[in-house]
1. Could you please find all residues in the stretch 545-561 being outside any loop (DSSP other than H, G, I, E, B) and in contact with a Pro (Cβ under 8 Å, 6 or more places away or on another chain)?
2. Starting from residues that are under 38 Å from the mean Cα position of the chain (by Cα) and among the small types (G, A, S), keep the ones in the stretch 592-621 and report whichever is surrounded by the most Cβ atoms within 10 Å (Cβ to Cβ).
3. In the stretch 665-707, which residues are surrounded by fewer than 16 Cβ atoms within 10 Å (Cβ to Cβ) and closer than 16 Å to L614 by Cβ?
4. Restricting to the stretch 572-588, name every residue that is part of a helix (DSSP H, G or I) and touching a residue at least 40 places away in the same chain (Cβ under 8 Å).
5. Can we say G624 is under 25 Å from the mean Cα position of the chain (by Cα), surrounded by fewer than 19 Cβ atoms within 10 Å (Cβ to Cβ) and not in a strand (DSSP E or B)?
6. Scan the stretch 165-200 for residues that are polar (S, T, N, Q) and either under 33 Å from the mean Cα position of the chain (by Cα) or under 30 Å from D130 (Cβ atoms) (or both) and jot them down.
7. Residues to consider are G271, G277; find the one that is within 28 Å of V305 (Cα to Cα), small (G, A, S), in contact with a Gly (Cβ under 8 Å, 6 or more places away or on another chain) and at pLDDT below 95.
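The values are calculated or read from the model by the stated rules, or taken from the named source; none is laboratory data. This structure is a prediction, so every number in the text was calculated from the model and none was measured. No Cβ is skipped: glycine too gets one built from the backbone with ideal geometry, and neighbour counts run over all protein chains shown.
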Amino acid sequence: MIAASLVGCGGSGSSDPQLPDSVPTENVAPQHPGDIAIALSEKGIGDDSRYYYYLTGQVDGSKAGNNGANGALDANGDPLQIKNVRITLDGETIEHDGGDGMPNLIIDDGAFELASSHFRVMVQPRVYMDELVNETTKTLQITYDVSDGELATERVMTVVIQGADVPPQFHGNVEHTITKDAANAPQSFDLLEGVTDGDGDDLSAVDLIPADDNLFKDADVHSVDGGDLILDLSSVKDSIPFGVSTPLVYNYNVFDGLRKVPRQVVINVFGVEDIPGAPDVTEYVLNKTVQSTDALTRIDLLEGVSDAEGDAITAFDGDFAAEQAYKYGFSFEGNELVVDPHAFYTLAVGEQQTVSMTYRLKDSNDIETDGFRTVNVTVVGAESNLFVDTFDNYNFEMPLALPIHCPWGCGAAPYQTEGDAANGNGSMLFEGSTLLRLPNDNLPDMKVDTKYYLAYNLKTGGAAPMTALSTIAGNLPDIGYKFWFSPRPAYNNAGEWDEAILYLDTGEFGNYQLHAMINTYGAENISMFLFNGSGNDDIPPLAMDDYRMVEFGHIDSAIHDIVADDAGTFEDLTAAVSVDGGSATVSADAAANGTAGGLAVDTTGAAGPVVVSLPVSMGAVKPGARFAVSMSVTYTNFSDNYANDASTPVGVALATASGDTISTVAQTYGGYTMAPTVLLNEATQASSEGIDWENETVTLELSFTEANAQYNIDNVRVIEIP
């Protein structure tokens with residue numbers, strides 16, 4: 001049944017008169033630009049729960065402009081009226097007592113509310129959150145006449161609310177390891193570990209059954225309590241194989257009340273025994289979890305280990321599982337496993353990867369414990385995109401949830417596409433407009449004196465847009481506002497999705513072009529602007545997707561440097577540096593910032609580019625990874641070659657021995673000491689696809705193409721960034 005109720009007196013109502021430039025001598029019917037079509041997700045947009053649309057407004061339901069611009073208007077200047085209102089909800093007629101005019105009416109417990117005073121419809125899509133799923137919608141259609149009291153023109157407003165039910169989400173299965181001794185008492189395992197539900201539904205684990213190869217599939221050893229697996233192996237303890245790990249696998253479904261998603265739980269039972277005099281191990285398996293954005297983590301391999309005689313204990317024979325995808329980011333150092341979670345920045349948010357290392361334990365008398373101990377380190381992909389918290393539709397997956405607009409009447413509004421996206425299903429089509437604006441409320445606040453990048457995916461048949469990010473560093477008027485104006489990004493793949501990226505440095509001498517107080521330009525101009533000729537001068541439209549802003553200036557470049565053995569610091573004055581063409585010599589005279597040494601590069605007499613190569617740690621470069629390369633560089637004899645200050649290039653590339661590269665260009669300026677940072681993206685800048693980076697010898701190559709030039713370089717660092 002459809003619930004509707006009148007909330008006040010009906011009537012024809014009226015709006016403010018519209019005044020055209022010239023009034024016809026005879027009465028003409030009101031005009032409008034077309035029917036109104038509105039699409040909303042049941043979740044709404046951001047934190048807003050109510051949305052207002054106007055029957056005399058623009059085609060997207062927003063208010064008409066001055067004198068009825070882009071909305072309904074009457075050329076004679078007569079007040080507009082709404083007449084002959086007919087309403088359906090999912091095709092079923094809604095009766096009302098508004099007479100011939102606009103009714104005041106509430107439909108479906110406030111999902112829709114019509115108000116005659118403003119010819120307005122208020123929509124609360126969240127009323128339907130418990131009713132709609134992905135495949136269902138609610139459609140309100142209002143057919144009415146826009147009248148001047150004598151003549152009328154029919155118009156239709158259609159509001160579609162799309163269901164957005166989300167099934168339970170998780171990455172990977174549940175896996176735990178216990179020892180044979182744990183079989184003395186029931187053990188509990190969380191079957192909903194790592195599970196989220198975008199709708200907030202209550203979750204449960206159902207339909208649990210042992211896998212066919214489960215050693216105890218026919219034994220009464222398991223039960224489910226809500227979301228927990230209860231495993232009682234006391235009755236089968238003597239059947240647990242000795243000295244090996246036995247996996248007990250169970251299949252089950254994660255259930256949100258509507259959808260079931262299959263998952264497995266694997267309990268590895270390790271059969272070991274006590275050795276007299278050997279170190280005592282309370283748990284043969286250490287399970288540790290870190291986030292990909294965490295700092296360098298040291299895991300104590302002697303945790304939970306003791307020796308009754310007080311002898312010193314040593315961890316030895318550390319060995320990583322042969323099937324691990326890569327081991328870079330892990331090192332076995334003494335009695336610690338050192339983990340660099342940043343080696344896992346390529347993990348998607350919530351995605352997990354577990355790296356396992358086995359090792360043995362002994363005391364100072366060389367008495368060893370039975371079997372191997374295992375440490376499992378699970379790295380969880382963490383969110384680093386700052387837009388996630390400020391712009392709900394940063395990935396354009398929410399239908400028509402676009403705060404982006406053209407601020408100064410410069411063309412058609414953007415709209416959302418479906419089925420053509422860099423990722424997911426939706427993107428934004430930038431068509432017929434020269435300028436779009438994302439308001440400051442949707443921009444992440446930026447800290448002073450750090451580094452960020454702004455990136456987005458785009459696809460166009462012509463020129464890419466120019467981005468002007470006029471945003472806030474510190475978000476305080478007394479700190480001021482910094483503005484970045486990007487060039488049009490390089491875009492060479494017409495008709496294909498590619499990434500544009502803008503590096504942002506909020507330091508005192510950062511790469512912004514303008515620094516101003518808010519009263520210089522006004523708060524409305526603290527925004528992100530996108531300039532493009534789309535729809536003008538035969539420039540084709542373009543699509544954009546996946547806005548991304550990431551902070552990386554807080555990452556310690558010394559700790560996370562992938563240049564092997566600190567080779568880019570040039571602190572060893574006796575070290576030889578690989579150079580092709582010209583010369584490169586480690587020297588105290590080339591040092592920057594009071595360091596012991598730097599690298600003096602001289603291109604004099606070189607027949608081509610002079611290339612300095614620095615070693616990169618094996619396995620540090622991976623498919624899909626991003627990197628920031630920083631350095632100190634001075635073109636020391638610039639004035640010998642140029643009369644006026646100018647920028648000159650330094651090529652930067654990660655290169656394999658077989659010739660594959662990820663490359664870009666840094667810039668020096670005049671003879672000044674510069675500290676450029678450049679960004680590399682394996683996914684978009686690699687010279688070819690399918691490069692086996694992790695098994696290749698990789699170097700960082702710095703290329704100097706200026707003839708008869710001398711440079712001092714120092715503090716060359718490369719870090720992986722989110």
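1. Filtering the stretch 545-561 for residues outside any loop (DSSP other than H, G, I, E, B) gives 545-551.
Across the stretch 545-561, the qualifying residues are M549, V550.
2. G598
3. Listed by number, the list holds a single entry, T697.
4. None; the set is empty.
5. Numbers: under 25 Å from the mean Cα position of the chain (by Cα): yes; surrounded by fewer than 19 Cβ atoms within 10 Å (Cβ to Cβ): yes; not in a strand (DSSP E or B): yes.
When the stated conditions are applied, G624 passes them.
6. Here is the first cut: in the stretch 165-200, the ones polar (S, T, N, Q) are 169, 173, 177, 179, 184, 187-188, 196.
Result: Q169, N173, T177, T196.
7. On the way: G277 fails: in contact with a Gly (Cβ under 8 Å, 6 or more places away or on another chain).
None of the other options fit; the residue is G271.
Residue-by-condition table, conditions (1) in a loop (DSSP other than H, G, I, E, B); (2) within 34 Å of the chain's Cα centre (by Cα):
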{"residue": "T293", "(1), (2)": "yes, yes"}
{"residue": "R298", "(1), (2)": "no, yes"}
{"residue": "E303", "(1), (2)": "yes, no"}
{"residue": "E309", "(1), (2)": "yes, no"}
{"residue": "T314", "(1), (2)": "no, no"}
{"residue": "R360", "(1), (2)": "no, no"}
